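Peer 1: I have a structure here, written as C-alpha cells, and I will follow up with some questions on it.
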Amino acid sequence: MTTFTGDALRSDKFGTAPRFAVEADGTIIANFSECSGLAATVQSDKWEEGGVNFTTYKFPGRTDFGNLTLKHGVTDSLDLYNWFLKVVQGVQCRKTVTIKLLTSDMQEVIRSWHLVHAFPVRWIGPSLQAGSNALAIETLEFAHDGLVFT
C-alpha cells in the first residue's frame, strides 16, 4: 500500500491559478498564460504466438511525445517569432525548453518539465477585432524528442 505524506498532500502550494515561466537553453523567453500538450504515449506492440490461441502478448514499443502548445499576450519581443522563422528557413536550431510551474507568489518552482531538442513548428498570430476588449493572444507550438521531469 502506498502512503502519501507531507508535500504530496498539500494543494495550497499551487495557489488559485497556475503560474509558469518558459526557458530556452536556460534563458527565460516569456511568461505564458496557457500551456497544453505535456504528454507521452508508449505504443504497444503485439505478438501472436503460434499455438497460443487464448491471448496475444503485448510489449512496450516506441514512445511518442506530443507537441506542446503555449499561449501568451503579444509583446514587443520578436525572439520567439524569429526562432520560428529560422526553422521555416531550414536552419537547425533545436533548444532545451523548460516549463517551470511556480507557486502563486512566483517565488518557488514546484515542478519543471524539460523538452529535449525542441523547436517551434507552428505560430498563430492574434485574432484582431476592433470592437473587442480582449487581449491579443499569440500561440506557439513546439515539437520535441523527449520529456524530462524535475
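Nothing in this text is a laboratory measurement; each read-out follows from the coordinates by a stated rule. Remember, it's a predicted structure, so these values are computed and weren't measured experimentally. Positions of Cβ are generated from backbone atoms using ideal geometry, with glycine treated the same way; all protein chains shown enter the neighbour counts.
Peer 1: Give the aspartates and glutamates whose C-alpha is closer than 13 Å to that of Lys71, dropping any in the same chain fewer than 8 places away, or say none.
Peer 2: List returned: Glu34, Glu138, Glu141.
Peer 1: Semi-axes of the equivalent ellipsoid for the range 29-150, please: Cα gyration tensor eigenvalues, times 5, square-rooted, ordered largest first, whole Å.
Peer 2: Taking √(5λ) for each Cα gyration eigenvalue gives 37, 18, 16 Å.
Peer 1: Suppose only helical runs count, i.e. DSSP H with n ≥ 4. What mean residue ellipticity at 222 nm does that imply for the chain under -39500 (n - 2.57) per run, divided by all residues and rounded to the nearest 500 deg cm²/dmol?
Peer 2: After summing the helix terms and dividing by residue count, I get -2000 deg cm²/dmol.
Peer 1: Grab every C-alpha pair in the range 82-141, bin the distances at 10 angstrom width from 0 up to the longest one, and report whole percents.
Peer 2: Using 10 Å bins, I get a P(r) of 18, 30, 33, 18, 0 for the range 82-141.
Peer 1: Also: Starting from the 7 Å offset along Cα-to-Cβ, what nm value, one decimal, do you get for the label separation of Thr103 and Asp76?
Peer 2: 3.3
Peer 1: Please work out how much length the chain gains when fully extended from Leu135 to Trp123, using 0.36 nm per residue of separation minus the C-alpha to C-alpha distance, in nm with one decimal.
Peer 2: 2.6 nm
Peer 1: Also, I was wondering about something else. Can you give the charge dipole size of the range 10-129 about its Cα centre, rounded to the nearest 20 debye, using +1 on the beta carbon of Lys and Arg and -1 on the beta carbon of Asp and Glu?
Peer 2: 40
Peer 1: Subtract the Cα-Cα distance of Phe54 and Arg111 from 0.36 nm times their separation in residues, and report this length gain in nm to one decimal.
Peer 2: Gain on extension, Phe54 to Arg111, equals 16.1 nm.
Peer 1: Oh, and also: Just add up the charged neighbours of Thr150: K/R +1, D/E -1, any other residue whose Cβ is under 11 Å from the Cβ of Thr150.
Peer 2: So the surrounding residues net to +2.
Peer 1: Give the calculated FRET efficiency between Gln92 and Ala39 to the nearest 0.05, with a Förster radius of 25 Å applied to their Cβ-Cβ distance.
Peer 2: About 0.50, to the nearest 0.05.
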